[in-house]
């Protein structure tokens, strides 16, 4: 019996270690945009908000490289500033209305000196946002 166990344990370890993608999905490693909405703004008044990201269920989600892309409408007067794990919206909106945009997030990781462009179960995340700018 001991010889079967001695053989099975290394075999199971080898199978698990050679299936990175399956392990990533098993542990639920996924890029995630934390916010689901952002605050409203008032025209001609200072505005600030932040959208943050993480790799859900990762022991050290700072070890990933985060890449954001935004498509859609941002009101005139609002600047978008990209940071390693967040996006900041700052400025004074010059027009009223509702502005729809989508934030896309992709993560990568350097593993054993090589780029692992798919270090998580899902490669990307996306969230749709609407920024409302009112008169007051």
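Rule-based calculations on the coordinates, nothing more; no lab input. Because the structure is predicted, anything quoted here is derived from the model rather than measured. Cβ: placed from backbone, ideal geometry, glycine included. Neighbour counts: every protein chain shown.
The ranking of 107, 59, 43 from fewest to most other beta carbons within 10 Å of each one's beta carbon is 59, 43, 107. Measuring r between the beta carbons of residue 90 and residue 122 and using R0 = 35 Å, the FRET efficiency lands at 0.75.
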